[in-house]
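First the structure, in the form of structure tokens, and then the observations on it.
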Amino acid sequence: MFRIDKAMVVATIFWAAAALITATAIAAEDAPKDRQPFVEINKNPYPSTYEPYPSVTTVINNATVLTGAGEQLEGASVLMENGKIVAVGSELEIPYGTLVIDGTGKWVTPGIIDVHSHLGVYASPHHQSLSDGNEATSPVTADVWAEHSIWPQDPGFSRAIAGGVTTLQILPGSANLIGGRSATVKNVPSRTREGMKFPGAPYGLKMACGENPKRVYGKKGGPSTRMANMAGYRKAWIKARDYKGKWDSYTRKYQAGEDVSAPSQDLELDTLMGVLNGEILIHNHCYRADEMVSMINMAHEFNYKISTFHHAVESYKIADILAKEKVCSAMWSDWWGFKLEAFDGVDENIPMVASAKACAIVHSDDPNGIQRLNQEAAKAWADGRKVGLNFTRGEAFTWLALNPAKALGIADKTGSLEVGKMADVVIWSGDPFSVYSLAEKVFIDGALLYDRADPDTYWQGDFELGQNARGAHQ
Amino acid sequence: MRKSILKIIVAAFVAFFLTGPVALAKILAIKGGTVHTLGKKGILSKAIILIENGKIKAVGQNVTIPNGAEVIDAAGKTIVPGFMHSSSRLGLSEISLTKDSNEHNAKKTPFTAAFDVRYGLKSNSVVIADNRRHGLTHAITQPSLADSVFYGSGAVISLTGGADMYVGKGPMVASFAKTLNRNVAWATMRLILDQVRYYDQNRSDIMEGEGPGDFLLTTFNMDALVPVIKGRQKLVLTVDSEDNLRQAIALKRDYGLDLILNSAVEAWKVADELAAAEIPVIINPQENLPEKFGKLAATFRNAAMLDTAGVQFAISPGGMAANHNAFMVNHMAGLAVAHGLSWERALEAITISPARIFGIDKFFGSIEKGKIANIALWDGDPLEVTSNTVHVIVNGVNHPLVSRRTLLRDRYLNLNKKPYAYH
């Protein structure tokens, strides 16, 4: 039921390989000694400085475990050591000195991953000063990076962890046809943006279909129609194709020993070229089925890959096509009707997409919704069962962690309780598919970053300090 | 207000029964299941509910089903009163971002307090039909904005989907614009109320041009506030910060208003004062973010702490969940339970409590003899996110659980049987 996506694998290994390839290529050539130095675009100028918080070897015993890869295990244990999952199952060998947590009556799952958040870029309190998510000054702003707007002090992060969220993708808003780069972050307290950035996660690029760009730019020079939306994206890709051609040609010639000048760097086209090179993943705000198919056709026209349609309220209408094209859909359980392009939303969208063996994801796009994604998944799961789409809880949990991890290109690192992955783990007070269950303990890379029973683990950003008691929000 | 609503409801029902569907004499019986009456009979197992002429005719374990009655077998089901939304936009908006399906905003018109949503209600609304199938059966629907602190009168509606949806006049609604300086806001509110009082006492002189000519509101807008200053129409005021809540308590004391506070994110901080002043509040349990300076102390435990202090409250989510997703009242009630509120009180907060708060508990909010038959049957705990309705009865009519959204779902679930457009 799950896909291994070549583009995403390429993207993940690219970072490590890029510098090496260039270096060896140059060394191998018999180049003129006095030619210009090789110019290389730094693809990671703001690297992650994230370090896992300290952890101790921990085992959770005798719990109901949703592995995140589809299974539900009863009376099972999860062993975490050095920040990684080292064993899941029953009768594990536990190293001497391991911290033992009794999981009797508890449920254990992977940390929830939200692929659509604006925490940090539309922070609380909601004031113009903190409204940094939409560079609504031009319909194509592929040059902006959401990470340069993220306010790590957003009180929303501390709420999200109490809802079991361990990783999130922070996106620019949807005003623009091409809105800029996203950043995938670990949900940890950090003084810097770089300190949250998920190590090795590829960048995403936000695009938006439909009403929003039309509404924002209709009286500001366009686009004012859906056809102009398409024209706007295509013009951008044509420029990106030319830009990529210039750089590819430059690199080829340089490696052939010629003394050539590098093209001038263009931030906007760097990002678009990153998509064409398979390094940056497309996250496309798109509601309507017809528009999603046009976007897929455009991806074929310019030979790139769409990772995920976001909001995707009409994915159920084309679930077969989405399965064939291997594009994920990130969806709400039941939001609908707030605009015409959301009018056809149905409660069964998520299970209908999953039923077609397309990649289904529950997302929030909301600082309140991110705190209860498990409940939103539960609603969709129950609505599906009502019409004969009988997923198990184990299968439904893939909508909350493994599928989002695939959409973000980090499924080799997190998203399920599989040996070797990051120990991003939640202990729930009960069945996570219940409104009454709460995340009790949340581990990120094996470190206990939130414990409902221990007020010392309640984080509070600087903004709230001195204004609220720590943890008073819960 | 109670009396005027009663009269209107009676009139509405007389009108309905003279002109409404013919099969009225038919009796609908719900047999078995667990009935949470929310009334004096408490929880009844294996009870029988009889419904006739849109009302509950009998409830109990010793009730006999008459011959010819339509019987719903409720064995294994949970039966509760239909849920109420206390601050909705239902019937006033089909699609939020469209210009021709939104009837709740009086901005840039002469109407403020005199705005009344009763004339623009849409009966055959897909939004109402979809909320109804999720177990929501009646609501307060209300104005969203006007060029004053007073936005106009809301309405009590039943989610019938027909011309009988309008039950009666609802509360006067007031709110302060986000950017309004709080000193200006309270001075405006008090000054208007003072002026309405003066206007009411000196109306004939003023009409003859013998009064001051600089009232903040026009006379027709002041006319609409006369019932408010006399305590005959309830006033719903949206306030969040503890300081604004205290100002609201003072406002009630100084003007003798029948006041309800809406949103009230920091109400837990002044819970004892609210209880002493007997001011009920309408809250949204998901609020736990410091979205603005008046909401810094937002917490999931607002409901639980208000309950402990003895404040009367209803649960009613806002934003998206004020209209298309208004049915989320039960999800939000469940969220309050997860954060300390008792299950029983949470169920009350979306049934009998709002009915009492709005003075319509003679008709709504419980499964008791004589009340309007707004009832839902659930396949499990009605506050649980995985539960669904199996029957929803509004004004005695057992509505099919169908909406435009279920039709869309079914069309695309069966794509392999027929091309999509032929379902």
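Annotations
- In the range B:93-124, residue farthest from the other protein chains (Cβ to nearest Cβ) [restricted to those that are crowded, with 23+ Cβ neighbours inside 10 Å and touching a helix residue (DSSP H, G or I) at 6+ places or on another chain (Cβ under 6 Å)]: B:ALA113
- Positions within the range A:338-358 being more than 7 Å from chain B (Cβ to nearest Cβ), surrounded by fewer than 24 Cβ atoms within 10 Å (Cβ to Cβ) and either touching a Leu at 6+ places or on another chain (Cβ under 9 Å) or in a helix (DSSP H, G or I) (or both), in sequence order: A:GLU341, A:ALA342, A:SER355, A:ALA356
- Members of the range A:320-332 that are out of contact with any Leu (no Cβ under 9 Å at 6 or more places or on another chain) and either at the interface with chain B (Cβ under 10 Å from one of its Cβ atoms) or assigned to a loop (DSSP other than H, G, I, E, B) (or both): A:LYS326, A:VAL327, A:TRP332
- Candidate set: the range B:300-312, residues that are in contact (Cβ under 8 Å) with a residue 40 or more places away in the chain and surrounded by 24 or more Cβ atoms within 10 Å (Cβ to Cβ); chosen: the one nearest to the other protein chains (Cβ to nearest Cβ): B:ALA303
- In the range A:252-295, the residues that are farther than 27 Å from A:ALA183 by Cα and part of a helix (DSSP H, G or I): A:ARG252, A:LYS253, A:TYR254, A:GLN255, A:ASP290
- Residues that are in a helix (DSSP H, G or I) and either at pLDDT below 95 or closer than 21 Å to A:PHE157 by Cβ (or both) within the range A:378-406 comprise A:PRO404, A:ALA405, listed in sequence order.
- Test for A:SER149: is it at pLDDT 95 or above and within 14 Å of chain B (Cβ to nearest Cβ): no
- The set of residues in the range B:313-358 being under 18 Å from B:ASN374 (Cα atoms) and either facing chain A (nearest Cβ under 10 Å) or touching an Asp or Glu at 6+ places or on another chain (Cβ under 8 Å) (or both) consists of B:PHE327, B:MET328, B:ASN330, B:ILE352, B:ALA355.
- In the range B:284-299, of all residues being in contact (Cβ under 8 Å) with a residue 40 or more places away in the chain and more than 7 Å from chain A (Cβ to nearest Cβ), the one that is surrounded by the fewest Cβ atoms within 10 Å (Cβ to Cβ) corresponds to B:LYS295.
- The residues listed here are B:HIS423, B:HIS331, B:HIS324; of these, the one that is in contact with a Phe, Trp or Tyr (Cβ under 6 Å, 6 or more places away or on another chain) and either free of Cβ contacts under 8 Å to residues at least 60 places away in the same chain or closer than 21 Å to B:LEU121 by Cβ (or both) is B:HIS324.
- Qualifying residue in the range B:161-176 (condition: more than 21 Å from the chain's Cα centre (by Cα) and either closer than 23 Å to B:ASN105 by Cα or aliphatic (A, V, I, L, M) (or both)): no
- Flag for A:HIS311 being closer than 24 Å to A:ILE361 by Cβ, out of contact with any Ser or Thr (no Cβ under 9 Å at 6 or more places or on another chain) and either charged (D, E, K, R) or at pLDDT 95 or above (or both): no
- Single residue of B:ILE72, B:ILE56, B:ILE79 found to be touching a Lys or Arg at 6+ places or on another chain (Cβ under 6 Å) and either polar (S, T, N, Q) or in a strand (DSSP E or B) (or both): B:ILE56
The values are calculated or read from the model by the stated rules, or taken from the named source; none is laboratory data. As the structure is a computational prediction, the values presented were derived from the model and not from experiment. Cβ coordinates were reconstructed from backbone atoms using ideal geometry, including for glycine residues, and neighbour counts include every protein chain displayed.
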